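Presented below is the structure to which this report refers.
The values are calculated or read from the model by the stated rules, or taken from the named source; none is laboratory data. In this text, all values refer to a predicted model and were calculated from it rather than measured experimentally. A quick note on method: Cβ atoms are made from the backbone with ideal geometry, for glycine too, and the neighbour counts reach across all protein chains shown.
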Amino acid sequence: MQEASLQGSAEPQSAPQEPVSSSAAEDRELVARAQNGDTRAFDSLIRKYTPKLYGMVYNMTSNREDTADLLQEVFAKAYRSLGRFMGKSSFYTWIYSIAVNMTLNHLKKRGRHMKVSLDDVDTGIENDPDFIAVTTAKTGVAREVNIHELQKRLNAAMMKLSEDHRTVVTLYDIQGLQHAEISKILGVSEGTVRSRLFYAHRQLQAYLEDFVK
């Protein structure tokens, strides 16, 4: 697997034990097998979490090549760090934490080395029906509008948000995670998550003011 040295592999040490759902129990079994050298078990975890993680990373980067590269690095880092996973948090919280941290690091590095033009980034987020539905609902868009123009505005608005605010919007509005789950993934309080969401939604409202009633 491709080597990666970015931060984000440490399991949240302060996260409380979470209720064991059937999915979480399945994950723990697969993790235990993978820790004992069963690579097929880890492949099962990759297949299970690739779609959701792809959506999360893609909506944060708006670039297909970056997303593919980051996912490869995320799973490589998770595999190397698997021996340190003790089950104090769910596997999905742990793998999301790795993915979020590596994506944020990538965005900060990209910001230092190049000026990202909204005309140059991949516009795939514009065509994400879930993003369009939840974001227009959250920002108060009510009347009939040109859907193509709205998609362009949504894409541009998301790219104008800071990385931290884009992250909470992606996790909450698009990925459908709860405040408590996002809190564990990001390692911040639920109050901070709520505050970032409130501010991000206000920013999106301002960016989309022409379409807000």
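Restricted to the stretch 42-77, and to residues there that are basic (Lys, Arg) and surrounded by 16 or more Cβ atoms within 10 Å (Cβ to Cβ), the residue that is modelled with the lowest pLDDT is Lys52.
Entry remark, the stretch 151-181: residues being in a helix (DSSP H, G or I) and small (Gly, Ala, Ser) number 3 in total.
Could you grab me the full set of residues in the stretch 28-41 that are within 28 Å of Tyr172 (Cβ to Cβ) and surrounded by fewer than 17 Cβ atoms within 10 Å (Cβ to Cβ)? Lay out the reasoning, then the answer.
We begin by selecting, within the stretch 28-41, every residue within 28 Å of Tyr172 (Cβ to Cβ); these are 28, 30-31.
Matches in the stretch 28-41: Arg28 only.
Exactly one residue among Gln205, Gln178 is surrounded by fewer than 19 Cβ atoms within 10 Å (Cβ to Cβ), polar (S, T, N, Q) and farther than 20 Å from Ile98 by Cβ, and that residue is Gln205. Say whether the condition of being surrounded by fewer than 18 Cβ atoms within 10 Å (Cβ to Cβ), at pLDDT 90 or above, among the charged types (D, E, K, R) and not in a loop (DSSP other than H, G, I, E, B) is met by at least one residue in the stretch 182-192. Yes: the stretch 182-192 contains one or more residues that are surrounded by fewer than 18 Cβ atoms within 10 Å (Cβ to Cβ), at pLDDT 90 or above, among the charged types (D, E, K, R) and not in a loop (DSSP other than H, G, I, E, B). Across the stretch 21-28, a minimum of one residue is classified as on the phi < 0 side of the Ramachandran plot, touching a Phe, Trp or Tyr at 6+ places or on another chain (Cβ under 9 Å) and at pLDDT 90 or above.
When you look at Met60, is it over 22 Å from Thr39 (Cβ atoms) and aliphatic (A, V, I, L, M), yes or no? Lay out the reasoning, then the answer.
On the way: over 22 Å from Thr39 (Cβ atoms): yes; aliphatic (A, V, I, L, M): yes.
Answer is yes for this residue.
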